[in-house]
Amino acid sequence: MNVHISYKISKTADLEKIINQQVEKLGRYLEVFRPELVHLKGVVEESSAREGIVASLNLRLPSGQMAAREKASAANAAVKAVFEDVTEQLKKHKELLRNQHRWPHRRGPERAPVGTVPFEQTVAFVKPETVSAGDISNYVDVNLPRLKRFIQRELEHREREGQILSGQLAVDDVVSEAIADALSEQHDKPERMKLEPWLYRLAKQGIGKLSAEERGERNIGGDDAVPDPAADSPEELAARRELINLVEATLRDAGRDEREAFILYTVEGFTLEEIADITNRSVEEVRASIRRAREYLQRTLPIKDPLKEKLVEYSRSA
């Protein structure tokens with residue numbers, strides 16, 4: 001995919017990281033197209049004091065073109081919203097391509113098929129491949145710290161809820177269990193674009209499986225061993241961890257689904273569809289949970305903290 005993003009505001013490392021993540025996620029839905037035929041252009045700019053930050057995207061494919069424009073008070077929220085808009089348009093476009101060769105028009109009360117060539121048989125199409133052992137290995141090599149942080153938070157939450165004993169499970173054991181499940185032949189492998197949410201779902205299932213088997217007292221692999229690359233210093237890292245722990249503790253009373261959806265969306269950076277895959281819920285249920293969590297957090301955690309405000313603002317794009 002050919003990508004060109006223009007910045008008409010100050011480009012921060014945090015903003016660039018989020019854009020790169022969003023481009024990567026969008027690319028998973030574009031694997032059916034030949035990369036050299038896909039062009040993505042974007043602009044992030046400050047419109048006015050009233051509109052705030054505006055993000056625009058134009059996606060050109062061999063079979064059509066999509067465009068979106070979103071605004072928000074924060075650049076990160078505007079970027080997330082515009083990428084989700086284009087992603088939704090892309091999904092609908094792909095569905096139309098699949099059906100177009102069979103039902104291009106109606107004839108009276110019934111639709112008649114015609115013998116055009118399906119998109120899947122054109123030169124622009126690349127058949128999505130299912131996840132391989134190499135894909136799993138490559139993902140873990142690059143994203144192991146992030147996966148460990150997710151598992152660490154899940155273990156701490158389940159300890160607070162009394163679902164497992166303190167120190168009963170180790171992060172590394174859960175990682176190993178999830179990878180073993182992913183590599184086994186017991187599970188149907190998803191398409192590559194769904195590797196990440198699939199692996200996170202296996203990690204959640206692994207915690208439940210191991211908690212039924214393990215009863216020994218062991219130290220949990222601490223979060224200190226998994227540095228956050230977004231933090232500039234140990235002090236900042238500690239402050240972020242403390243605030244996220246406070247947010248999680250506050251959302252305990254909002255409901256399990258609300259806490260989980262909010263953290264997966266704002267902290268882990270998953271899309272609504274990916275969270276639906278991880279939690280086995282519908283996209284609308286996930287969106288409603290994030291909204292309820294945000295409202296609850298604003299009511300019950302009135303502290304003024306830049307990171308908290310950032311999480312709240314970011315969740316509005318759901």
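So who's got an amide H within less than 5 Å of the one on Q168, skipping anything under 5 residues away but keeping other chains? H placed 1.01 Å off N, in plane.
R218
Report, by chain and number, residues whose modeled amide H sits under 5 Å from the one on V3, excluding near sequence neighbours (fewer than 5 apart, same chain).
Long-range HN contacts for V3: L40.
With +1 on the Cβ of every Lys and Arg and -1 on the Cβ of every Asp and Glu, and nothing else charged, how large is the dipole of segment 57-96 about its Cα centre, in debye rounded to the nearest 20? Walk me through the intermediate numbers first.
Details: 7 positive and 5 negative charges, 18 e Å.
With Lys and Arg at +1 and Asp and Glu at -1, about 80 debye.
Arranged from highest to lowest average of other beta-carbon atoms within 10 Å per residue, in what order do the peptides 294-303, 241-250 appear?
Sorting 294-303, 241-250 by mean packing, highest first, produces 241-250, 294-303.
Ranked highest first by the average count of other Cβ atoms within 10 Å around their residues, in what order do 272-281, 79-88, 136-145, 66-75 fall?
Going by the mean number of other Cβ atoms within 10 Å, highest first, we get 79-88, 272-281, 66-75, 136-145.
So what J values fall out for segment 304-312 if you push phi through Karplus, 6.51 cos²θ - 1.76 cosθ + 1.60 with θ = phi - 60°, rounded to Hz, Gly and Pro as x?
Whole-Hz 3J(HN,Hα) from phi for segment 304-312: 8, 9, x, 5, 4, 4, 5, 4, 4.
Provide the per-residue ³J(HN,Hα) series for segment 16-26, in order, calculated from phi with Karplus coefficients 6.51, -1.76, 1.60 and θ = phi - 60°, each as a whole number of Hz, with x at glycine and proline positions.
Each residue of segment 16-26 in turn: 5, 5, 5, 4, 4, 5, 5, 4, 4, 5, 4 Hz.
Tally Lys and Arg at +1 and Asp and Glu at -1 over the other residues with C-beta under 12 Å from the C-beta of V283: what net charge comes out?
-4
Nearest 20 debye, what's the magnitude of the dipole of segment 1-52 about its Cα centre given +1 on Lys and Arg Cβ and -1 on Asp and Glu Cβ?
60
Starting from the amide H of G52, placed 1.01 Å from N in the peptide plane, find each other amide H under 5 Å away whose residue is 5 or more places distant or on another chain.
Residues meeting the amide H criterion: S47.
Taken together, the values in this text are just the output of simple stated rules run on the coordinates, not laboratory data. Quick caveat, the model's predicted, so the values are computed rather than measured. Cβ coordinates were reconstructed from backbone atoms using ideal geometry, including for glycine residues, and neighbour counts include every protein chain displayed.
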